[in-house]
Ligand code: XIL
């Protein structure tokens, strides 16, 4: 959506929102995005379908502001917290218009034994999303991490491994056919120097595995938008350039790569990627969608006020990159509360990377993002 369309949609939505404020309890779906791309947030809530978010979301939630700005705002969801903690589920419902399973669509969860699938937790998240007018980012089909041991220690031939990958992608995408908005088909395929990561897939199958994965996913659900997703590709650098070249080449060959996901795992000790809009513009020119898919901004603890300011700025840099890019569809945070962040477990001594604190209180980064969305949506 371009700036003009965004503004027009924003005004239409704002008008619809004004009408809706008089109906305080029943939230009528006001899909002001008629005629705009499918990613516009309809904010529809099925009457009686859900225990959370049945009242009209406040006009200042991130999802309401994002809707006016013409994008979705999403969060990674921890399935245990969603099932077990009401305040967590309430925030997911109120603040976000798309969700990404943090772990439960990954290979080790969905196919723990060869040919045996378990979609229980992922199905629960898809049902939650449906009940709350949210779209689902499927994450992910092919990665080097969180693979089951039967796969990593199986010592399969190239032909067997290719067949296993084909079966896995087909089974998972077919299971969720029609339910997934965007799939992260290939995750973290590159090294920082722009070479392909030397993992099980490259090692056994060669670089052609990337095209195969996209073709198989497309065959199983032709309507899902298929993404390649990676980290350290926010700015223009060797890795993002290699990814750009790959996507360009694949599209020239007719491979259905339709989106580029920029993870956005940042750390306040490095400069924020101020050239993100330039980087995203070149992907935009290729005709693919883009999204910020896993934003969080970590810091060494204990943090001081300068760290917090740098965090606000880094979050804003990522969001602004999306808002300035015509076909950027969504901005997703990798978890929203410090209570369940993956950061302390992986980056020793670091934390406080999210936009709500451990008690679900919004932090200054939350306010900063809201301000940018407000600007983009014409307030
Ligand atoms: C992380 C999850 O947040 C953790 O809970 C899990 O233990 C490991 O994976 N890039 C990705 C995500 O694409 O899937 C990762 O998620 C974070 C880095």
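Here, each number is a calculation from the coordinates, and none is a lab measurement. Bear in mind the structure is a predicted one, so any value in this text is a computation, not a measurement. Reconstructed Cβ throughout: ideal geometry from the backbone, glycine too, with neighbour counts over all protein chains shown.
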If each of residue 86 and residue 281 carries a label point 7 Å out from its Cα toward its Cβ, how far apart are those two points in nm?
-> 5.0 nm
Extension gain, residue 204 back to residue 108 (0.36 nm per residue minus Cα-Cα distance, nm) = 32.6 nm
What is the packing order of peptides 340-347, 153-160, 286-293, taking the mean over residues of other C-beta atoms within 10 Å and listing the highest first?
-> 286-293, 340-347, 153-160
Report the relative contact order of region 3-376, percent, no decimals, based on alpha-carbon pairs under 8 angstrom and at least 6 residues apart.
-> 15 percent
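How much FRET efficiency would the formula 1/(1 + (r/R0)^6) give for residue 60 and residue 130, where r is the Cβ-Cβ distance and R0 is 41 Å, rounded to 0.05? It would help to have the intermediate numbers written out before the result.
On the way: r = 25 Å, r/R0 = 0.60.
Efficiency, from the Cβ-Cβ distance: 0.95.
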Full-extension gain in nm, residue 149 to residue 192, via 0.36 nm per residue minus C-alpha separation = 12.8 nm
Label-point gap, in nm, between residue 367 and residue 306 - each point 7 angstrom along Cα→Cβ | 2.2 nm
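For residue 348 and residue 163, compute 0.36 nm times the residue count separating them, minus their Cα-Cα distance, and round to one decimal in nm.
Numbers: separation 185, 0.36 × 185 = 66.60 nm, distance 3.85 nm.
Extending this stretch completely gives an extra 62.7 nm.
Ranking request for peptides 129-140, 86-97, 295-306: highest mean number of other beta-carbon atoms within 10 Å first, then the rest in descending order.
Values: 129-140: 24.1, 86-97: 20.7, 295-306: 17.8.
Most protected by this proxy first, the peptides run 129-140, 86-97, 295-306.
Rounded to two decimal places and with Rh computed the Kirkwood way over Cα pairs, what is Rg over Rh for region 3-376? Could you put the intermediate results ahead of the total?
Details: Rg = 19.9 Å, Rh = 21.0 Å.
Looking at region 3-376, the ratio lands at 0.95.
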Exposure-ranked with fewest Cβ neighbours within 10 Å first, 374, 72 stand as 374, 72
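How do the peptides 309-320, 361-372 rank, highest first, by the average count of neighbouring beta carbon atoms within 10 Å per residue? If you can, show how the numbers build up before the last one.
Working: 309-320: 22.3, 361-372: 18.0.
Top of the packing list down: 309-320, 361-372.
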Distance from a point 7 Å along Cα→Cβ of residue 360 to each backbone N in region 63-81: keep the residues under 19 Å and list them by number.
-> 63-64, 74-81
